[in-house]
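Take a look at the structure below.
The values are calculated or read from the model by the stated rules, or taken from the named source; none is laboratory data. Computed from a prediction, not measured in an experiment: that's the story for all the values here. Neighbour counts run over all protein chains shown; Cβ positions are idealised from the backbone, glycine included. Heads up: the accessible areas ignore ligands, DNA and RNA and are worked out on the full protein's heavy atoms, side chains in. Shrake-Rupley method; radii C 1.70, N 1.55, O 1.52, S 1.80 Å.
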Amino acid sequence: MDWRMMSKLAAFGGTAAVPRDRRHVPWPLITDEDRKAVLDALDGPRLVSDTDGANAVSRLEEAWACRFGHEHCVAVSNGTTALALALAALGVGPGDEVIVPALSFIATGLAPVHQMAVPVFADIDPVAFTLDPDDVERRITARTKAIIPVHLHGAPADMDRLTAIARRHGIAVVEDSAQAPGATHRGRPLGSIGDAGAFSLQVSKNIPTCGEGGLLVTQDAELAGAMRRGRQFGEVIEAGRDRDYISYGLGWNYKMSALQAAFTLAQLDRYDDYERARQENVTGFLARLAELPGLRVPAPLPDTTHAWHILRFRFDPAAFGLHGVRPEALRSTLRRLLRAEGVPMSQYQLMPLPDQKVFTDRIGFGSGYPWSVTGAPGTTANEGYPVTRAVIADSLTLQKRHLHPGAGALLGLYGDAFEKVWANRDMVATLAKAAS
């Protein structure tokens with residue numbers, strides 16, 4: 001008989017499937033090449049992007065555009081400012097509405113508010129966890145100026161349908177690709193399909209910097225120019241042209257430093273090797289778990305590639321053999337048991353974005369602004385978004401550990417832990433029923 005069938009659960013005194021000395025996997029993986037790149041930039045003459053001549057920032061922009069097939073790339077301070085700057089460059093402002101998914105990181109919902117526009121939330125697809133095109137179309141009004149599809153966890157949104165909807169209504173598309181560098185939709189790189197794409201280089205991302213950083217991409221030269229002006233106080237910074245300190249329009253200080261850019265350049269050099277290993281490790285792990293009853297593993301949609309930034313697992317009580325048990329009860333039980341075995345399962349987002357107090361209480365710029373400009377009703381906690389609420393209720397995620405190219409052995413131990421817990425389904429059922 002398989003040892004997992006005989007093994008006592010770690011939560012009740014058994015030996016954990018993942019030994020403690022195997023649980024720590026660093027990310028990002030920092031090498032001597034990364035350290036040298038940062039030191040070389042520190043010793044160089046150009047530490048910021050507003051100096052004349054090539055620098056680490058301009059080299060990163062060129063390298064990223066070349067590697068992923070974008071016409072223009074603009075480096076900025078982080079992924080949140082990337083989203084806000086894209087909206088600004090597209091003319092989104094007071095009185096406008098921007099449709100965003102109900103499941104995402106808070107930055108996606110805040111970016112429109114930073115432009116004094118109103119975020120309008122739409123539900124998600126139950127498989128890819130990305131914007132539901134049907135719900136998007138239902139929420140379009142005369143004030144809708146843009147849609148922000150989020151390629152959540154590295155899974156491409158349905159860009160064919162979303163861009164078709166946008167074209168019909170004459171509205172812009174800004175791709176939130178923060179978690180999806182290198183992923184593709186029908187052979188096209190994410191970020192290049194809409195009017196603009198925003199990436200995050202935050203230290204937890206698939207391609208990181210040494211802290212915070214972001215990138216904007218577009219195929220439109222005029223839009224790229226507007227983004228460059230916006231990141232630098234509205235000024236025009238061009239090679240061979242003395243800085244005149246004239247603001248030609250509204251701008252911000254959203255620049256990236258040379259140290260951040262140099263670190264990411266070194267990481268980008270190793271991206272292809274890392275990505276090959278990651279794809280092999282993750283797909284093998286997921287194929288193994290897909291055999292377990294009541295467990296739905298993430299999967300790429302047809303004609304797409306998935307970046308696997310986060311792995312989200314959904315649990316079905318009925319398929320597990322637990323009729324009448326609340327999804328939350330099964331989720332919390334499995335979280336406890338798997339974590340005891342050494343698998344760091346966690347929740348990603350504890351509530352739909354529209355339930356966040358900043359939106360329900362209209363904590364914007366005072367007097368209900370920007371909602372008061374449009375007369376939009378804002379959001380009410382616990383309203384709508386049934387798919388988003390179901391996904392939050394019945395799912396857990398794995399984060400960061402699987403990004404390491406050498407994580408294959410660790411994922412094998414995670415697979416052992418899942419199978420061990422599933423081999424003790426009677427105990428799982430007892431605990432879940434007690435919690436239901």
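Ranking request for peptides 133-139, 211-217, 270-276, 59-65: highest mean number of other beta-carbon atoms within 10 Å first, then the rest in descending order. It would help to have the intermediate numbers written out before the result.
On the way: 133-139: 17.0, 211-217: 25.7, 270-276: 14.6, 59-65: 19.7.
Packing order, densest peptide first, comes out as 211-217, 59-65, 133-139, 270-276.
Determine the share of segment 31-159's accessible area contributed by carbon and sulfur atoms, expressed in whole percent, with a 1.4 angstrom probe.
55
Take every DSSP beta bridge whose two residues both sit in segment 138-253, then give the antiparallel share in percent to the nearest 5. The partial results should precede the final answer.
Working: 7 of 13 bridges.
Here the antiparallel bridges make up roughly 55 percent for segment 138-253.
Quick one: which of 69-81, 346-358 comes out on top by average Cβ neighbours within 10 Å, and what's the full order, highest first?
Values: 69-81: 23.0, 346-358: 17.2.
Going by the mean number of other Cβ atoms within 10 Å, highest first, we get 69-81, 346-358.
Would you please state the base-10 log of I(q)/I(0) at q = 0.14, 0.15, 0.19, 0.32 1/Å for segment 13-65, with intensities from the Debye formula using one equal scatterer on every alpha carbon?
Result of the Debye calculation: -0.57, -0.60, -0.78, -1.19.
Counting only other residues whose beta carbon sits under 15 Å from that of Ala37, what net charge do I get with K and R as +1, D and E as -1? Don't jump to the answer; show the numbers that get you there.
Values: positive: Arg35, Lys36, Arg46, Arg59, Arg270; negative: Asp32, Glu33, Asp34, Asp40, Asp43, Asp269.
Net of charged neighbours comes to -1.
For segment 145-304, what class follows from the C-alpha gyration tensor (a ≥ b ≥ c being the square roots of its eigenvalues): rounded when a/c is under 1.5, otherwise prolate if a/b is larger than b/c, else oblate?
On the way: a/c = 2.90, a/b = 1.55, b/c = 1.88.
It is oblate, given that a/c is not under 1.5 and a/b is not larger than b/c.
Considering only protein heavy atoms and a probe of 1.4 Å, how much of the accessible area of segment 255-408 is carbon and sulfur, as a whole percent?
Details: 3240 of 6210 Å².
Result for segment 255-408: 52 percent of the exposed heavy-atom area is carbon or sulfur.
Could you grab the relative contact order for the chain? Cα pairs under 8 Å, six or more apart, rounded to a whole percent.
22
Using a 1.4 angstrom probe, figure out how much accessible area the chain has per residue, in square angstrom, rounded to the nearest whole.
I get 41 Å² per residue for the chain.
For segment 312-436, rounded, prolate or oblate, judged on the Cα gyration tensor with a ≥ b ≥ c (square roots of eigenvalues), a/c < 1.5 rounded, else prolate if a/b > b/c? Mind showing how you got there, number by number?
Numbers: a/c = 3.67, a/b = 1.82, b/c = 2.01.
Taking the square roots of the gyration eigenvalues as a ≥ b ≥ c, segment 312-436 is oblate.
Taking every pair of distinct Cα atoms and averaging 1/r, then inverting, what Kirkwood hydrodynamic radius in Å comes out for segment 292-370? Kindly include the intermediate steps, with their values, before the conclusion.
Working: mean 1/r = 0.0632 Å⁻¹.
Its Kirkwood hydrodynamic radius stands at 15.8 Å.
Starting from the Cα gyration tensor of segment 1-155, take the square roots of the eigenvalues, sort them a ≥ b ≥ c, and report rounded, prolate or oblate (rounded when a/c is under 1.5, otherwise prolate if a/b is larger than b/c, else oblate). Numbers along the way, then the final one.
Working: a/c = 2.91, a/b = 1.18, b/c = 2.47.
Judged from the Cα gyration tensor, segment 1-155 comes out oblate (a/c at least 1.5, b/c at or above a/b).
How big is the equivalent ellipsoid of segment 280-337 along its three axes, where each semi-axis is √(5λ) from the Cα gyration tensor, reported in whole Å from largest to smallest? Spell out each step's value before the answer.
Details: eigenvalues 120, 28, 23 Å².
Semi-axes, largest first: 24, 12, 11 Å.
Out of residues 5 or more away from Gly234 or on other chains, whose amide H comes under 5 Å of its own, with H placed 1.01 Å from N in the peptide plane?
Here the answer is Gly251, Trp252, since their amide H atoms fall under 5 Å of that of Gly234.
222 nm [θ] for the chain, helices only, -39500 (n - 2.57) per DSSP H run of 4+, per residue, to 500? Could you put the intermediate results ahead of the total?
Values: 17 runs with 170 residues, N = 436.
Roughly -11500 deg cm²/dmol at 222 nm, from the helical runs in the chain.
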